[in-house]
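Peer 1: Structure below; questions to follow.
The values are calculated or read from the model by the stated rules, or taken from the named source; none is laboratory data. Everything numeric in this text was worked out from a predicted model, so none of it was measured. Note that we place each Cβ from the backbone using ideal geometry, even for glycine, and neighbour counts take in every protein chain shown. All accessible areas refer to the heavy atoms of the entire protein, side chains included, with ligands and DNA or RNA removed. Shrake-Rupley method; radii C 1.70, N 1.55, O 1.52, S 1.80 Å.
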Amino acid sequence: MNQNKETQPNLIIIKKGELYYNGPDNHFYNQLANATYCKNTTQALAIIQSRKLIGAVPVKITEHDYTYAKANAIVKIILLSETLAKYLNEVGSNLPTKSQVNKLAAKQMKLTSQQLMLINPDFNHFLKVREDDTFDVLGHFEGFIQELSQVELYDTPNLTGILQAYKKDPKSIIGICKKILK
């Protein structure tokens, strides 16, 4: 994938607002990684008409964007399973289950993340192209999970609002946070 993003082949997906259509599931999802692509606009329009996908339209995207969305989703799953495996190792002996069960669960989570890395050809592309060092991201992600785990469950609506504000205006939210943390 050494091609320039502008010269990569285009794919056609079906979109309805901010939702992406998945043909095999006959369902719309909010992640591009779930989208099914079509060979051309005519094929997409035929699917829209035959399945009566009212309000849906064909949208052109680059192969790079589609590959990145899938790789990004798999990396998040891998990071979550790695984080959970580590957390189970650290606190497993204090949980109200048998420690052997916790050790087995941690081992299985670790194996799951390793298997996901092996079966997804896009993972290596993501490592080389998108991130300087994805395993540094793992450290940041673990810190994020650690902070998140310390928030009381009744405060999660406030955190959700902060994350939604960040998605709308990251620069402003980061500026506010830096001022508060000084």
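Peer 1: Inspect all residues belonging to segment 68-77 and state whether any of them is in contact with an Asp or Glu (Cβ under 8 Å, 6 or more places away or on another chain), of a type in the set (S, T, N, Q) and under 27 Å from L111 (Cβ atoms).
Peer 2: no
Peer 1: Does segment 2-11 contain any residue that is under 30 Å from S113 (Cβ atoms), at pLDDT 85 or above and either in contact with a strand residue (DSSP E or B) (Cβ under 8 Å, 6 or more places away or on another chain) or open to solvent by 60 Å² or more (accessible area, probe 1.4 Å) (or both)?
Peer 2: yes
Peer 1: Could you tell me whether any residue of segment 117-124 is at pLDDT 80 or above and under 24 Å from A35 (Cβ atoms)? First the steps, then the outcome.
Peer 2: Just the residues of segment 117-124 that are at pLDDT 80 or above, to begin with: none.
Scanning segment 117-124, I find no residue that is at pLDDT 80 or above and under 24 Å from A35 (Cβ atoms), so the answer is no.
Peer 1: Also: For E82, indicate whether it is open to solvent by 60 Å² or more (accessible area, probe 1.4 Å) and over 13 Å from the mean Cα position of the chain (by Cα). First the steps, then the outcome.
Peer 2: On the way: open to solvent by 60 Å² or more (accessible area, probe 1.4 Å): no; over 13 Å from the mean Cα position of the chain (by Cα): yes.
Criteria not met by E82.
Peer 1: Go through segment 35-54 and report how many residues are free of Cβ contacts under 8 Å to residues at least 24 places away in the same chain, assigned to a helix (DSSP H, G or I) and not aliphatic (A, V, I, L, M).
Peer 2: Keep residues of segment 35-54 that are free of Cβ contacts under 8 Å to residues at least 24 places away in the same chain, which gives 36, 42, 45-46, 49-50, 52, 54.
Filter once more, keeping what is assigned to a helix (DSSP H, G or I): 42, 45-46, 49-50.
Still in the list and also not aliphatic (A, V, I, L, M): 42, 49-50.
Number of matching residues: 3.
Peer 1: Kindly provide the set of residues from segment 29-54 that are hydroxyl-bearing (S, T, Y) and open to solvent by 60 Å² or more (accessible area, probe 1.4 Å), ordered by number. Spell out the reasoning first.
Peer 2: Just the residues of segment 29-54 that are hydroxyl-bearing (S, T, Y), to begin with: 29, 36-37, 41-42, 50.
Listed by number, the residues that qualify are Y29, Y37, T41, T42, S50.
Peer 1: So, in segment 16-40, of the ones that are touching a helix residue (DSSP H, G or I) at 6+ places or on another chain (Cβ under 8 Å) and hydrophobic (A, V, I, L, M, F, W, C), which residue ends up farthest from K70 (Cα to Cα)?
Peer 2: Among those residues, the one meeting the criterion is C38.
Peer 1: Quick test for you: out of T156, T134, T112, pick the one residue that is modelled with pLDDT under 75 and of a type in the set (S, T, N, Q). Step through it out loud before you land on a result.
Peer 2: Values: T156 fails: modelled with pLDDT under 75; T112 fails: modelled with pLDDT under 75.
Within the list T156, T134, T112, the selection yields T134.
Peer 1: Also, quick follow-up: For segment 55-73, which positions are in contact with a Leu (Cβ under 6 Å, 6 or more places away or on another chain), in a helix (DSSP H, G or I) and either of a type in the set (A, V, I, L, M) or loosely packed, with under 14 Cβ neighbours inside 10 Å (or both)?
Peer 2: Across segment 55-73, the qualifying residue is only A69.
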